[in-house]
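Written out below as structure tokens is the structure these notes cover.
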Amino acid sequence: MSLLWVIFGTLVQLALAVMFFMLVVFSSAGIANGRTLTHLQSRILDWSLCALPLSCAFSAVLVIILYWQGGGAAAYWWYALPAVAMTAYLVFALKLNARAPRSPS
């Protein structure tokens, strides 16, 4: 593992954390606005607000720890964790947006 790539990957993960936070804020607000959501659906959207940026921070810290312990290049795959989490969120949000009944205006 190269220190340069670990630093670069960590900076990218921190930038992604900010972008994921903003994406979840606006997408969940758009879904909740004008729709009737169950308590569970609302809790999942609220939970995603913190979980997705934390997945970026978690993967960055994990790669740094693996670098300190002498990990190999396979440790870079941990940078893909936020992409998996964001894909799961987007699938949930798109299905929720398509199925949720619109509340009467």
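No value in this document is a laboratory result; all are computed from the given coordinates. Just so you know, these numbers come straight off a predicted model, no measurement behind them.
Helix-only mean residue ellipticity at 222 nm, the chain, DSSP H runs n ≥ 4 weighted -39,500 (n - 2.57), per residue, nearest 500. What is it? Taken over the chain, the calculation gives -27000 deg cm²/dmol. In the chain, the longest principal axis of the Cα atoms and the axis of helix 39-68 are about 10 degrees apart. To the nearest 10 degrees, how steeply does helix 3-32 sit against the main Cα axis of the chain, on a 0 to 90 scale? The helix 3-32 is inclined about 0 degrees to the chain.
Please work out how much length the chain gains when fully extended from ARG43 to VAL84, using 0.36 nm per residue of separation minus the C-alpha to C-alpha distance, in nm with one decimal. Don't skip to the answer; put the middle values down first.
Details: separation 41, 0.36 × 41 = 14.76 nm, distance 1.99 nm.
The span from ARG43 to VAL84 would gain 12.8 nm if fully extended.
By how many degrees, between 0 and 90 and to the nearest 10, does the Cα long axis of helix 81-99 differ from the longest principal axis of the chain? Around 10 degrees separate the two axes.
From the Cα gyration tensor of the stretch 3-99, with a ≥ b ≥ c the square roots of its eigenvalues, which class applies: rounded if a/c is under 1.5, or else prolate if a/b is larger than b/c, or else oblate? Provide the component values of the computation, followed by the final result.
On the way: a/c = 3.26, a/b = 2.81, b/c = 1.16.
Judged from the Cα gyration tensor, the stretch 3-99 comes out prolate (a/c at least 1.5, a/b above b/c).
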